[in-house]
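Attaching a single structure in C-alpha cells format; questions to follow.
The values are calculated or read from the model by the stated rules, or taken from the named source; none is laboratory data. This is a predicted model, so every value here is computed, not measured. Every residue, glycine among them, receives a Cβ derived from its backbone with ideal geometry; neighbour counts consider all protein chains shown. Accessible surface areas use protein heavy atoms only, side chains included; no ligands, DNA or RNA. Shrake-Rupley method; radii C 1.70, N 1.55, O 1.52, S 1.80 Å.
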Amino acid sequence: MRVAIAGAGLGGLCLAQGLVRAGVDVQVYERDAGLAARRQGYRLHMDARAGLSLQKCLPPRLFRLFLATTGRPGTKVTVLSAQLRVLHETPGGPDRDPDDPATLSTSADRGTLREILAAGLADRIRYGRELAGHDQDAGGVTLRFADGSAERADVLVGADGVGSVVRRALLPEARLVDTGARVIYGKTLLDGAARRLVPAAMHNGFTAVTGGHLGLATGLVEFRRSPSDAAAALAPGVRLSPAADYLMWGLSAQHDRLPAADSELAGADAATLHATACRAIRTWHPDLRALLAGAAVDETFFIRVRSSRRVPAWPPSRVTLLGDAIHAMSPARGSGANTALMDAANLCAALTGGTDLVPAIGGYEQSMREYGFAAVDASRQAEAETARRGSSPWLWLVNHWPRPRRTAGR
Ligand SMILES: Cc1cc2nc3c(=O)[nH]c(=O)nc-3n(C[C@H](O)[C@H](O)[C@H](O)COP(=O)(O)OP(=O)(O)OC[C@H]3O[C@@H](n4cnc5c(N)ncnc54)[C@H](O)[C@@H]3O)c2cc1C
C-alpha cells in the first residue's frame with residue numbers, strides 16, 4: 001500500500017511516522033520549502049491526546065526525545081489585571097507526571113516538535129510540492145501538483161491544514177467561519193534581563209492578562225532539557241536546532257477592538273505588528289510593556305481566528321482528511337494540535353489494522369467527526385461566550401482550560 005500525505009504539519013508527520021513504523025510505503029508532499037519556512041506559532045499546549053498519540057506513532061527514542069524537550073509543566077493557570085494584580089487562579093491537577101503520556105499537560109515548542117516528527121523521514125518528505133488537486137478511480141488516486149507534475153497512490157490523506165485543497169475537492173460544502181477574534185503573536189527570549197521582568201505568576205503556568213477589551217495570553221517555554229543536548233543523549237543522529245527558553249505572548253481582541261484596521265494588520269510586516277502590540281498596552285504595567293518591547297521583533301505575526309462548521313457524514317473513499325483540514329478550530333482551549341495528533345494515531349491504526357481499506361477509512365472518519373467537531377464546538381463556544389460578555393477573549397479560555405486527561409484503558 002502506498003499512502004500519500006499532503007502536508008508536513010503536526011498531523012501529517014505524526015501519521016507518516018506511524019505508517020513507516022508499521023512498514024507502509026509513505027510519501028509526504030509539503031508546499032513550503034522547509035520546516036521553518038513560515039511562522040506558525042511557538043508554544044503548543046499538549047495534553048494526553050497528544051501524549052498517547054505520539055507514543056503510538058513515534059519510535060520509542062523519538063518519543064523519549066519529545067518528552068525530554070517539553071516545557072516545564074505549569075502548576076496553575078492565572079488571570080492578572082493589566083497592572084499585574086492576581087484576579088483568578090486555577091490550580092492544575094495534582095497527578096500530572098511529565099513523563100506519563102496519559103497525564104500530560106505541558107507545553108511543547110512547535111519548531112522542536114516538528115523537527116522530532118520529521119526525524120528519520122528525510123527521504124519520505126518532498127518539500128516545495130504544492131498539491132493542486134486529485135482524481136480518484138477504482139485503482140487509486142492521482143495527485144496533481146501546482147508545478148504540473150503528478151503522482152499515484154493507493155490512499156491520499158489531506159493533512160494540508162485550514163485551507164486544505166483536499167477538503168475543497170472532497171467536501172465542497174464544508175465551510176470556514178471567521179470568529180471575529182484576532183491575535184498578534186510574539187516571542188520574547190528569556191535572556192537574563194527579560195527573565196527578571198517575568199511576573200511571578202507567569203512562572204506558575206499559562207497566564208491571561210485582561211485589560212479592557214484586550215487580552216494578553218502568555219506562556220513560558222522553559223525546556224526541561226535543551227533540545228540539542230537531549231537529541232545528542234537520547235537519539236544520536238537526530239539533529240535538533242538549538243532553542244532557548246522564551247515567553248510566548250498573544251495579544252487578542254475582537255477585530256474592531258485592535259488599534260489598527262483588520263485589513264492593515266493582515267498585510268503588515270513583523271515590525272509594524274510588534275509596534276501595534278506595544279502601542280495597545282502602553283498604559284499597562286511597565287514590566288509587561290518592557291517584556292513586549294524586548295521581543296524578537298521578526299517573530300511577530302498576526303492571525304484571524306477561523307473555525308470550521310460540522311460536516312454531515314460523507315461516503316468513505318480512498319481520500320480522507322485529518323486535523324485542521326477537516327476540523328479547524330480557534331486556539332481557545334488548546335485543542336487543534338492535540339486533535340490532529342489523535343487523528344493521525346487513529347488513522348494509522350485504521351490503515352494498518354488488516355481490514356479492507358475503504359471501510360477502515362470510514363470507521364476512522366466516523367469517530368473523528370464525533371470528537372473532532374466536539375472540540376470545534378467547545379472552542380467556538382469559548383469564543384462566542386467571550387464576545388457576548390465583551391470581556392477579554394482569553395478569560396473564558398482560562399476558566400475552561402483543559403484539565404489533565406486520563407484516558408480509558410489505563
Ligand atoms: C498561534 C497558534 C497557536 C496554537 N496553539 C495551540 C495549542 O496550544 N494547542 C493546540 O492543540 N493547538 C494549537 N493551535 C492549533 C494547531 O496549531 C493546529 O490545530 C495544528 O497545527 C493542526 O495540525 P495539522 O497537521 O492539521 O495542520 P498544520 O500543522 O497547519 O499543517 C498543515 C501543513 O500542510 C501544508 N500545506 C498546506 N497546503 C498544502 C498543499 N496544497 N500542498 C502541500 N502542503 C500543503 C502547510 O504548509 C503545513 O505544513 C494553535 C494554532 C495557532 C495558529
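Can you tell me which condition Thr386 does not meet? The list is (1) more than 10 Å from the ligand (Cβ to nearest atom); (2) modelled with pLDDT of 90 or more; (3) open to solvent by less than 20 Å² (accessible area, probe 1.4 Å), and all the others hold.
The one condition Thr386 does not meet is (2).
Right, another one. Could you list, in sequence order, all residues of the stretch 40-67 that are open to solvent by 20 Å² or more (accessible area, probe 1.4 Å), among the aliphatic types (A, V, I, L, M) and away from the ligand (no atom under 16 Å from the Cβ)?
none
Kindly evaluate Ala82 against the criterion of being within 29 Å of Gly7 (Cβ to Cβ) and either open to solvent by 10 Å² or more (accessible area, probe 1.4 Å) or within 15 Å of the ligand (Cβ to nearest atom) (or both).
On the way: within 29 Å of Gly7 (Cβ to Cβ): no; either open to solvent by 10 Å² or more (accessible area, probe 1.4 Å) or within 15 Å of the ligand (Cβ to nearest atom) (or both): yes.
So Ala82 does not fit the description; no.
Another one. Looking only at the stretch 38-60, how many residues end up being touching a residue at least 60 places away in the same chain (Cβ under 8 Å) and under 30 Å from Asp154 (Cα atoms)? Let's see the steps before the verdict.
Going through the stretch 38-60, the residues touching a residue at least 60 places away in the same chain (Cβ under 8 Å) turn out to be 39-50, 52-54, 56-57, 59.
Narrowing the set further to residues that are under 30 Å from Asp154 (Cα atoms) leaves 49-50, 52-54, 56-57, 59.
The qualifying residues number 8.
What number of residues within the stretch 112-135 satisfy the criterion of being of a type outside the set (Val, Ile, Thr), under 21 Å from the mean Cα position of the chain (by Cα) and crowded, with 18+ Cβ neighbours inside 10 Å?
Residues that pass the stated criteria total 6.
Take the residues in the stretch 68-79 that are in contact with a Pro (Cβ under 6 Å, 6 or more places away or on another chain) and open to solvent by 20 Å² or more (accessible area, probe 1.4 Å); name whichever of them is nearest to Ser107 (Cα to Cα). Show your work before the answer.
First, the residues of the stretch 68-79 that are in contact with a Pro (Cβ under 6 Å, 6 or more places away or on another chain): 69, 73, 76.
With open to solvent by 20 Å² or more (accessible area, probe 1.4 Å) added as a condition, the list becomes 73, 76.
Working: Pro73: 7, Lys76: 13 Å.
Selected residue: Pro73.
Which one is nearest to Thr103 (Cα to Cα) among residues in the stretch 354-380 that are of a type in the set (Gly, Ala, Ser) and either within 16 Å of the ligand (Cβ to nearest atom) or at pLDDT below 95 (or both)?
The extreme case among them is Ala375.
Just to verify a result, which residue in the stretch 57-85, among those that are aliphatic (A, V, I, L, M), within 27 Å of Ala208 (Cβ to Cβ) and not in a loop (DSSP other than H, G, I, E, B), is farthest from the chain's Cα centre (by Cα)?
Restricting to residues being aliphatic (A, V, I, L, M), within 27 Å of Ala208 (Cβ to Cβ) and not in a loop (DSSP other than H, G, I, E, B), the top hit is Leu80.
Residues in the stretch 188-204: is at least one within 14 Å of the ligand (Cβ to nearest atom) and open to solvent by less than 10 Å² (accessible area, probe 1.4 Å)?
no
Still on this structure, I have one more. Taking the stretch 319-353, which residues are within 15 Å of the ligand (Cβ to nearest atom), farther than 30 Å from Ala181 by Cα and either aliphatic (A, V, I, L, M) or open to solvent by less than 20 Å² (accessible area, probe 1.4 Å) (or both)?
Val319, Ala345, Leu347, Cys348
Something else: Would you mind stating whether Leu288 is within 16 Å of the ligand (Cβ to nearest atom) and open to solvent by less than 20 Å² (accessible area, probe 1.4 Å)?
So Leu288 does not fit the description; no.
Could you list, in sequence order, the residues of the stretch 236-251 that are buried (at least 21 other Cβ atoms within 10 Å of the Cβ) and over 20 Å from Gly294 (Cβ atoms)?
Residue satisfying the conditions is Leu240 alone.
Same structure, new question: Tell me which residues, restricted to the stretch 147-184, are open to solvent by 40 Å² or more (accessible area, probe 1.4 Å), away from the ligand (no atom under 14 Å from the Cβ) and touching a Gly at 6+ places or on another chain (Cβ under 9 Å).
Arg152, Asp154
Ok, one more. List pairs: first in the stretch 119-133 and near the ligand (Cβ under 9 Å from one of its atoms), second part of a loop (DSSP other than H, G, I, E, B), Cβ under 6 Å, 6+ apart or cross-chain?
Listed by first residue and then by second, the contacts come to Glu130/Arg31; Glu130/Ala146; Ala132/Ala146.
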